[in-house]
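Notes follow once the structure below has been shown.
What follows draws every value from the coordinates through simple rules; no lab data is involved. Everything numeric here is computed off the predicted structure, so don't read it as measured data. Heads up, the Cβs are rebuilt from the backbone with ideal geometry, glycines too, and the neighbour counts pull from every protein chain shown.
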């Protein structure tokens, strides 16, 4: 991966991380916690929700939901950033060392 490609990928991942913080963090915690509650109910019984192990499983579900959703946002954002960077490089004219512009077809 060249330097030109990585900068647009990082910008896309950064935008996606901000979007994750604004729109995806709370639902990821809620659905991860629900998954942890269902799993602890299966493992320990639904009446054992006050056990420490059940609370650990529920908290682990919340962390797992948060991390999985964050990775999903980052991968999709990096992909779209890379595609946008490639499209911009294709459309904008390139400047050579002599100072003359070349069209995108001649590169």
Original post:
Do we have residue 64 as over 30 Å from residue 88 (Cα atoms) and part of a helix (DSSP H, G or I) here?
Top reply: yes
Original post:
With (1) over 29 Å from residue 19 (Cα atoms); (2) not in a loop (DSSP other than H, G, I, E, B) as the list, and residue 50 as the residue in question, which single condition is left unmet?
Top reply: (2)
**OP:** Can you confirm whether the stretch 38-55 contains a residue that is surrounded by 14 or more Cβ atoms within 10 Å (Cβ to Cβ) and closer than 23 Å to residue 80 by Cα?
**Re:** no
